[in-house]
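To keep things clear, I will list the structure first and then write my remarks on it.
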Amino acid sequence: MENDKVEMMKDSWGQGYTLSNPSDPCNPWMHIKKIEIFDRPEDAEKVQVITYEKEGKCSIQTKNNAATNNPSDRRDGLVIHFEPENGYPINLNIAQHKGEILVSWSASAKENKQKIKLQPEKEYLNYFVEYKFNGGIATANGSVREIKKTLDQDIGEERYILNE
């Protein structure tokens with residue numbers, strides 16, 4: 001994600017602050033989809049992962065830390081998965097690192113892949129695609145290689161599925 005900086009703004013009710021949605025700052029409305037808590041002794045290979053999803057789905061598992069999305073390289077972490085009303089699913093990451101608390105945004109790896117269909121144009125081996133970008137629709141055309149390059153720059157590598 002290009003801008004992983006966590007920004008807050010005063011809410012319109014005067015009760016506190018709201019998180020700015022980095023995928024669409026003009027539309028801050030987001031809903032919590034899932035919460036993951038990572039309980040890990042310092043530099044341990046195993047981590048206990050507590051997951052809570054909507055409608056009471058809860059699990060506690062012990063996993064290899066490398067196989068999780070624990071935002072901390074060494075200790076405990078917390079990931080809050082948001083589903084914005086506009087934009088793409090995003091995660092708020094909170095990590096403990098050497099006594100400090102680090103906060104950042106990241107794209108939801110599995111949930112954030114756009115399905116983009118290549119549409120043949122009249123010219124041989126030229127294609128056209130439409131895709132979601134910055135809260136709107138963007139287009140690209142050209143060879144498959146050129147389109148992939150554009151999508152990698154705009155959306156990010158491995159954040160889309162290109163159907164031919």
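Details
- Residue in the range 37-51 that is among the polar types (S, T, N, Q), at pLDDT 90 or above, at negative phi and touching a strand residue (DSSP E or B) at 6+ places or on another chain (Cβ under 7 Å) present: yes
- In the set (1) exposed (fewer than 14 other Cβ atoms within 10 Å of the Cβ); (2) among the small types (Gly, Ala, Ser); (3) part of a loop (DSSP other than H, G, I, E, B), the condition left unmet by Ser59 is number (3).
- Filter result for Lys98 (modelled with pLDDT of 90 or more, loosely packed, with under 15 Cβ neighbours inside 10 Å and not assigned by TED's automatic domain parsing to the domain that holds Thr150): no
- Flag for Phe82 being in contact with a His (Cβ under 8 Å, 6 or more places away or on another chain), assigned by TED's automatic domain parsing to the domain that holds His97, crowded, with 19+ Cβ neighbours inside 10 Å and assigned to a strand (DSSP E or B): yes
- Of the numbered criteria (1) in contact (Cβ under 8 Å) with a residue 40 or more places away in the chain; (2) out of contact with any strand residue (DSSP E or B) (no Cβ under 7 Å at 6 or more places or on another chain); (3) charged (D, E, K, R), the one Glu83 fails is (2).
- Hey, Ser72 of a type outside the set (D, E, K, R), without any contact (Cβ under 8 Å) to a residue 40 or more places away in the chain and either assigned by TED's automatic domain parsing to the domain that holds Gly99 or over 30 Å from Asp154 (Cα atoms) (or both) or not: yes
The values are calculated or read from the model by the stated rules, or taken from the named source; none is laboratory data. Computed from a predicted model, the values in this text were never measured in an experiment. Note that we place each Cβ from the backbone using ideal geometry, even for glycine, and neighbour counts take in every protein chain shown.
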